[in-house]
1. Does residue 99 satisfy the condition of being more than 16 Å from the ligand (Cβ to nearest atom), more than 22 Å from the chain's Cα centre (by Cα) and open to solvent by less than 30 Å² (accessible area, probe 1.4 Å)?
2. Checking residue 50 against (1) of a type in the set (Gly, Ala, Ser); (2) open to solvent by 70 Å² or more (accessible area, probe 1.4 Å); (3) free of Cβ contacts under 8 Å to residues at least 12 places away in the same chain, which test does it fail?
3. Need at least 3 residues that are touching a residue at least 24 places away in the same chain (Cβ under 8 Å) and open to solvent by 20 Å² or more (accessible area, probe 1.4 Å) per element, so show me which helices (runs of 4 or more DSSP H) inside segment 203-272 make the cut, counting only ones lying wholly within it.
4. Quick check on my filter: what residues within segment 109-157 are surrounded by fewer than 22 Cβ atoms within 10 Å (Cβ to Cβ), of a type in the set (Ser, Thr, Tyr) and within 16 Å of the ligand (Cβ to nearest atom)?
5. Restricting attention to segment 199-223, which residues are away from the ligand (no atom under 16 Å from the Cβ) and touching a strand residue (DSSP E or B) at 6+ places or on another chain (Cβ under 7 Å)?
6. Scan segment 64-90 for residues that are within 15 Å of residue 32 (Cα to Cα) and assigned to a helix (DSSP H, G or I) and report the count.
7. Kindly provide the set of residues from segment 158-198 that are open to solvent by less than 90 Å² (accessible area, probe 1.4 Å), within 15 Å of the ligand (Cβ to nearest atom) and in a loop (DSSP other than H, G, I, E, B), ordered by number.
8. Mind listing whichever residues of segment 232-248 are under 13 Å from residue 274 (Cβ atoms) and more than 16 Å from the ligand (Cβ to nearest atom)?
Amino acid sequence: MPRSPRSVTVSVPGTTANLGPGFDCFGVALTTRNVVRVTRADAGAPPVTGMLAEAGRAFFGKAGKPFAYGVDIRGDVPRSRGLGSSVTVRAGIILGLNALADDPLTQAECLNLVCALEGHPDNAAPAVLGGFTAASNDIIFRTEVASSLKFVTLIPEAEIETKAARRVLPKRVPLGDAVRNVQNASLIAAAFAAKRYDLLAGAFGDTFHQPFRAKLLPGLNQVIEAGTRAGALGGYLSGSGSTIICITQKTPETVGRAMRAALAKHGGSGEVRVLTADNRGAVVRRVS
Ligand code: HSE
């Protein structure tokens, strides 16, 4: 029988959540990744702290038999930009510890732990499973996404913390606004499930969070409008921001240039990456 691994890497894709009206529900894994290396530590090694320790407590609380571990994180998912960097770390640690412990938990149990740590399943589900996901706290729908669909990703220099971006949200929304969100979110789910990406055009309108978060990111609406005029199907604030994404099936470079120019008009600057959906999700590899 092969001995237990001592060190593993977990490659986890960054994600884009909400997609406009699918607040706390929709997510897509993207072709940008962090690699989290988790290694059994010798007795007396300095303990991990903060988010790294919190993920370990969640894992050992469910799996038992705690041991000391170290964590090293590399990759190109930017922090505090609404691209799921925190979930890459949490999923990397949970899946990494599970592999080091010889898989006491199923993938579904690991995913539940990541969702609980994140507080919502929209980033956790695609990071672990890949593709497009629609997730409640109990049920996840997942489907693969075609590489013809480009996610033109404008990453502003300015960071936004999710906690701050949730504080600006209203406690209640009018019924008419909620109905519009249900209509648009249903069309987005249908578009991904049926791979009828034409249905995305005009479906990203949101009344739950973007209008309130726009004050944290001057030019948000104008960037989306500019990308759409340049040929995109539409656009939205990625997760809680600050990244803005326009989805397109044609001329992604033109869309990206238009988005960046619109942000510049409002005093902002940022990097454009043309990404596609990642359909693999998290990948665990034994190192030693
Ligand atoms: N859906 C969350 C929000 C962010 O918009 O606050 C990602 O989990």
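The values are calculated or read from the model by the stated rules, or taken from the named source; none is laboratory data. On a predicted model such as this, the values are computed, not experimentally measured, just so you know. Cβ coordinates were reconstructed from backbone atoms using ideal geometry, including for glycine residues, and neighbour counts include every protein chain displayed. The protein model used for the area step is the full one, side chains on, heavy atoms only, and it has no ligands, DNA or RNA in it. Shrake-Rupley method; radii C 1.70, N 1.55, O 1.52, S 1.80 Å.
1. Spelling it out, residue 99 is indeed more than 16 Å from the ligand (Cβ to nearest atom), more than 22 Å from the chain's Cα centre (by Cα) and open to solvent by less than 30 Å² (accessible area, probe 1.4 Å).
2. Here residue 50 meets the rest and fails (2).
3. In segment 203-272, the matching helices (runs of 4 or more DSSP H) lie at 220-229, 252-265.
4. Within segment 109-157, just 136 meets the criteria.
5. Within segment 199-223, 200, 201, 202, 203, 223 qualify.
6. Qualifying residue count, segment 64-90: 5.
7. 160, 168, 169, 170, 173
8. The answer is 232, 246, 247, 248.
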